[in-house]
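Input: a single structure, listed below in structure tokens.
The values are calculated or read from the model by the stated rules, or taken from the named source; none is laboratory data. Values in this document were obtained by computation on a predicted structure and should not be read as measured data. Glycine also receives a Cβ, built like all others from the backbone with ideal geometry; neighbour counts cover every protein chain displayed. For accessibility, only protein heavy atoms count, side chains too; no ligands or nucleic acids. Shrake-Rupley method; radii C 1.70, N 1.55, O 1.52, S 1.80 Å.
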Amino acid sequence: MTDPVDDVVATIARSAAEIRQGLVGRRGKADEENPSGELQAEADVWADDLLADRLSSIDGVGQYASEERSEIIDGGDEKVYVAVDPLDGSSNLQSNNTMGTVFGIYDEPLPAPGSALVASGWILYGPITTMAYARDGVVTKYELTGGERTVVEDDVTLPDDPLVYGFGGRVPHWTEGFREFAREVESDPSHKLRYGGAMIGDVNQVLTYGGIFAYPALEDSPRGKLRLQFECNPIAYLIEAADGRSSDGTQSILEVEPTDLHDRVPLHVGNAALIDRLEDVLE
Ligand code: F6P
């Protein structure tokens, strides 16, 4: 039997061109909400069905779970467990801006802590389609064309000098501690604001230029917005493999114990010095 992790990643990478093409004509809303209460786009439902079919039928995949469905799909054998955000940032469909596909491959049944991840990554549907992928502490960047995958950078690490920052949530809803931290980041003349409304686009800027992305705890939503299994764990695993840090405000995202498949968690990822400082300010 081939390695199910390789099979999952190859399947997602091969499907990316099709997902990108399938967005055409699917930019409207579906009449359904996802388990987090957000109105789904037609493309969210379509991409989820496509990935569910393909990934759950791979030998060695024990479960397929996604942000877009409440129940886990059980596969056959149980070796790896796959959690996916099929179309991150799908509200950008209307304005035709960046979106992504995020995946985490765990070696424990879901919901699982990030420490059970064996690989993770994301596809970015930008001007071209790229993939960032982490396994065994090593991050690789690829360009994807049709079914082909070409390595463009090996052993990717965050640049030492942070350049970009992007923070989600309405500013009046930020906590006092986070507001203080944000002011500090903004007042450093070497930092530039980058916020595009799709987490994966903003996180990929951090991976490329160094810096910090956060969707913090909010006064009216103490767990923030982003989902632990499908979004935060996979991103944290990759950014930590790239020598960065992740935090929920007090500890690595990978240490957060899930209580439910669709748990949310405040997410902060980026250069270690900035995350250390964030934790000091929020303490
Ligand atoms: O649902 C996830 C998401 O679309 C992220 O990709 C993005 O960072 C965030 O929501 C945007 O939220 P807001 O509209 O509150 O800025």
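Can you find, among T175, V256, I200, the residue farthest towards the positive end of the dipole of the stretch 164-282? Put +1 on the C-beta of Lys and Arg, -1 on that of Asp and Glu.
Final value for the positive-end residue is I200.
Take the Cα of Q21, step 7 Å along the line toward its Cβ, and report every residue of the stretch 142-166 whose backbone nitrogen sits under 17 Å from that point.
144-149
Express in nm, to one decimal, how much length is gained between A10 and T150 on full extension, taking 0.36 nm for each residue of separation and deducting their alpha carbon distance.
Extra length from A10 to T150 when fully extended: 49.2 nm.
Could you work out the Kirkwood radius for the stretch 134-241, taking every pair of different alpha carbons, averaging 1/r and inverting it, reported in Å?
Radius from the Kirkwood sum: 15.3 Å.
Among 58-70, 89-101, how do they line up from the highest to the lowest mean number of other beta-carbon atoms within 10 Å?
Highest-to-lowest ranking by the protection proxy: 58-70, 89-101.
For the stretch 1-68, compute Rh as the Kirkwood radius over C-alpha pairs and then the Stokes-Einstein diffusion coefficient at 10 °C and 1.306 mPa s; write the answer in µm²/s, rounded to an integer.
122 µm²/s
Straight-line reach from K192: which aspartates and glutamates have Cα under 20 Å away, leaving out those fewer than 8 places along the same chain?
List returned: D160, D161, E180, E184, D202, D276.
Using a Förster distance of 45 angstrom, determine the FRET efficiency expected from the C-beta separation of E184 and T2, and round it to 0.05.
With R0 = 45 Å, the Cβ-Cβ based efficiency is 0.40.
Using a simple charge model, +1 on the beta-carbon of Lys and Arg, -1 on the beta-carbon of Asp and Glu, nothing else, what dipole does the chain show about its Cα centre, in debye to the nearest 20?
Its charge dipole is roughly 960 debye.
Given +1 on the Cβ of Lys and Arg, -1 on the Cβ of Asp and Glu, and no further charges, what dipole in debye does the stretch 1-153 carry about its Cα centre, rounded to the nearest 20?
620 debye
Between D74 and E143, 0.36 nm times their residue separation minus their Cα-Cα distance comes to what?
Between D74 and E143, full extension yields 21.7 nm more.
Return the subset of K79/K141; K29/K141; K79/K225 for which the Cα-Cα distance in this structure is over 27 Å, preserving the input order.
K29/K141; K79/K225
For n ≥ 4 DSSP H runs only, could you compute -39500 (n - 2.57) per run for the chain, divide by its residues and tell me the 222 nm figure to the nearest 500?
Rounded to the nearest 500, the figure is -8500 deg cm²/dmol.
Relative to the longest principal axis of the chain, what angle (0 to 90°, nearest 10) does the C-alpha long axis of helix 272-282 take?
60 degrees
Show me the trypsin sites (Lys or Arg not before Pro) within the stretch 154-243 that DSSP assigns to loop and that have at most 14 other Cβ atoms within 10 Å of their Cβ.
Answer by residue number: R170, R223.
Please state the charge dipole magnitude for the stretch 64-117, taken about the Cα centre, from unit charges on C-beta atoms (+1 on K and R, -1 on D and E), reported in debye and rounded to the nearest 20.
The dipole magnitude comes to about 200 debye.
I'd like to check one number: the per residue accessible area of the chain, probe 1.4 Å, reported in Å² as a whole number.
For the chain, the solvent-accessible area averages 42 Å² per residue.
How big is the gap, in Å, between the Cα center of the stretch 10-42 and the Cα center of the stretch 231-283?
What the calculation gives is 26 Å, centre to centre.
Which one, G25, L282, Q229, is farthest towards the positive end of the dipole of the chain when Lys and Arg carry +1 and Asp and Glu -1 on their Cβ?
G25
For a protection proxy built on the mean count of beta-carbon atoms within 10 angstrom, sort 143-152, 109-118 highest first, please.
With the highest mean Cβ count within 10 Å placed first, the list reads 109-118, 143-152.
May I ask you to give the percent of accessible area on the chain that is carbon plus sulfur, with a probe radius of 1.4 Å?
Looking at the chain in its full context, I get 44 percent from C and S.
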